[in-house]
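Working notes, structure below.
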Amino acid sequence: MNRYAAALSQHPIAAHAVGEVAGGILEQLDGEPPDLLVVFVSPHFAGALDEMAAALRRLLEPATLVAMTALAVVGGAVEAERVPAVSVWAARLEGLVTPVSLQLVDTPEGAAVRGWPPSGAEDDPTAGPHTLLLLVDPFTFPTEAFLARLADDRPELQVIGGLASAAPGPGGNRLAVDGEIRSDGAVGVLLGGPTRVRALVSQGCRPVGSAYIVTEAHDNVIGALGGTPTLERLAEIAATLPEEERALLAHGLQIGIVVDEHQAEFGHGDFLVRSVLGANRADGSITVGTDVDVGRTVQFQVRDADAADEDLGATLAGAHAAGALLFACTGRGEQLFDAPNHDAEMVEDLLGPLPVAGAFCAGEIGPVGGRNEVHAFTASLALFEA
């Protein structure tokens, strides 16, 4: 049977923080070494991650350790924002646990990702991998391109994780896999066998107006929806909304791109949500946070605390877990909900007290509509069964 443990320390001294979380994990696992240790540390400890990871490996003897620095970390029902903190999640798992260390390298044929386990290393015929937990430096690793390649090569593999957020530029984040500490690339772990992991993505937005077909677009600029300039469509939508809804359009406008075009209707979980970055009044176009092809179906979305609260509640409804990892956007937390611990407390309230750890991320990874995607403003969860 799988077993899980989690511990959070907000002690400002790294050695003391490590001692506190290690003690908590040892007590919860009755001293047994975990198969997997996932570690999240705040920016205050970025320079000490190598020593902290080494100490945790020495004290807990995990078979595999992965770690990431983040703007804030989650432990249990607590979201530790703007304070020194380390959160550790441990699991004793049945089945495959394979560490992964990825880097972008130049080759004679162009850029390539190096470090994927060689063929056969992760392919036990009785316990092949079904989940990749992935922690990424957003400045040095092409996450979206990597996920697109996986969709072709390993369509059955679900990917859950997040992008490191401790630094505003290249070189400031830290990642760890076992004894290796890096400031670039990505690290993770492949999970397989009888351990079941359910991925949930709460996008924190709600659709407004109607869905439209993109009839004019170039790269990430959408010129027309249903044959009408995009800004005119948006004005039509705004005219039908009450004043408070129009305010949300002005300050939290997003666009949802339908993932599965074969559906007759679109609702919760059917959109890949991206920010609206700008508008051109001269030609009526908008610029969004990803390339959009002509023929895709889109619908405007708004983001606010109520929408995020409702969406997370709907996402967690009926879910069950014995342990969980939570990857939440840096745009959530107190600045969105005007109160601490919103997402972590809701996970605990709806799933019951359970070992939870996580981080605030510069992008969250999880499947929507059967495809692994990088998201913004979401809460992405990996739910582990007993």
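Structure notes:
- Hey, Pro99 assigned by TED's automatic domain parsing to the domain that holds Glu348, of a type outside the set (Ser, Thr, Tyr), in contact (Cβ under 8 Å) with a residue 40 or more places away in the chain and over 30 Å from Arg149 (Cβ atoms) or not: no
- Every pair of residues 6+ apart whose Cβ atoms lie under 8 Å, when the first sits in region 153-167 and is within 16 Å of Ala199 (Cβ to Cβ) while the second is aromatic (Phe, Trp, Tyr): Ile160/Phe327; Gly161/Phe327; Gly162/Phe327
- Test set (1) out of contact with any helix residue (DSSP H, G or I) (no Cβ under 9 Å at 6 or more places or on another chain); (2) more than 30 Å from Gly226 (Cα to Cα); (3) not aliphatic (A, V, I, L, M) - Gly358 fails condition number: (1)
- Set Val83, Val41: member being surrounded by fewer than 21 Cβ atoms within 10 Å (Cβ to Cβ), within 25 Å of Met346 (Cα to Cα) and in contact (Cβ under 8 Å) with a residue 40 or more places away in the chain: Val83
- Residue in region 356-367 that is surrounded by fewer than 22 Cβ atoms within 10 Å (Cβ to Cβ) and outside the structural domain of His262 (by TED's automatic domain parsing) present: yes
- Tabulated pairs, region 133-149, first surrounded by fewer than 24 Cβ atoms within 10 Å (Cβ to Cβ), second in a helix (DSSP H, G or I) and among the aromatic types (Phe, Trp, Tyr), C-beta under 8 angstrom, 6+ apart or interchain: none
- Look at (1) farther than 30 Å from Arg82 by Cβ; (2) assigned by TED's automatic domain parsing to the domain that holds Gly226; (3) not small (Gly, Ala, Ser) and you find that Val273 fails only one, number (1).
- Among (1) part of a strand (DSSP E or B); (2) crowded, with 21+ Cβ neighbours inside 10 Å - the single one Arg198 does not satisfy: (2)
- Tabulated pairs, region 182-208, first on the phi > 0 side of the Ramachandran plot and at pLDDT 95 or above, second basic (Lys, Arg) and not in a loop (DSSP other than H, G, I, E, B), C-beta under 9 angstrom, 6+ apart or interchain: Gly185/Arg114
Yes or no, residue by residue, for (1) surrounded by 23 or more Cβ atoms within 10 Å (Cβ to Cβ); (2) basic (Lys, Arg); (3) in contact with a Gly (Cβ under 6 Å, 6 or more places away or on another chain):
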| position | (1), (2), (3) |
| --- | --- |
| Ser275 | no, no, yes |
| Leu312 | yes, no, no |
| Leu336 | no, no, no |
| Pro340 | no, no, no |
| Glu345 | no, no, no |
| Asp349 | no, no, no |
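- Region 331-352: number of residues that are touching a residue at least 40 places away in the same chain (Cβ under 8 Å), farther than 17 Å from Gly161 by Cβ and assigned to a loop (DSSP other than H, G, I, E, B): 4
- For region 263-284, the count of residues that are in a helix (DSSP H, G or I), touching a strand residue (DSSP E or B) at 6+ places or on another chain (Cβ under 8 Å) and of a type in the set (Lys, Arg) is zero.
- Pairs are defined by a Cβ separation below 8 Å, a sequence spacing of at least 6 or placement on different chains, a first member in region 46-60 that is in the same structural domain as Leu175 (by TED's automatic domain parsing), and a second member that is buried (at least 16 other Cβ atoms within 10 Å of the Cβ) and hydroxyl-bearing (Ser, Thr, Tyr); the pairs so defined are Ala46/Thr69; Leu49/Thr69.
- Looking only at residues in region 366-386 that are part of a strand (DSSP E or B) and among the small types (Gly, Ala, Ser), the one that is nearest to Thr290 (Cα to Cα) is Gly366.
- Pair list, Cβ under 6 Å, 6 or more apart: region 243-254 residue part of a helix (DSSP H, G or I), other residue acidic (Asp, Glu): Leu248/Asp304; Gly252/Asp304
- If the condition is being out of contact with any Leu (no Cβ under 6 Å at 6 or more places or on another chain) and without any contact (Cβ under 8 Å) to a residue 40 or more places away in the chain, then region 62-80 contributes only Ala63.
The values are calculated or read from the model by the stated rules, or taken from the named source; none is laboratory data. These numbers were taken from a predicted model, which means no experiment stands behind them. Reconstructed Cβ throughout: ideal geometry from the backbone, glycine too, with neighbour counts over all protein chains shown.
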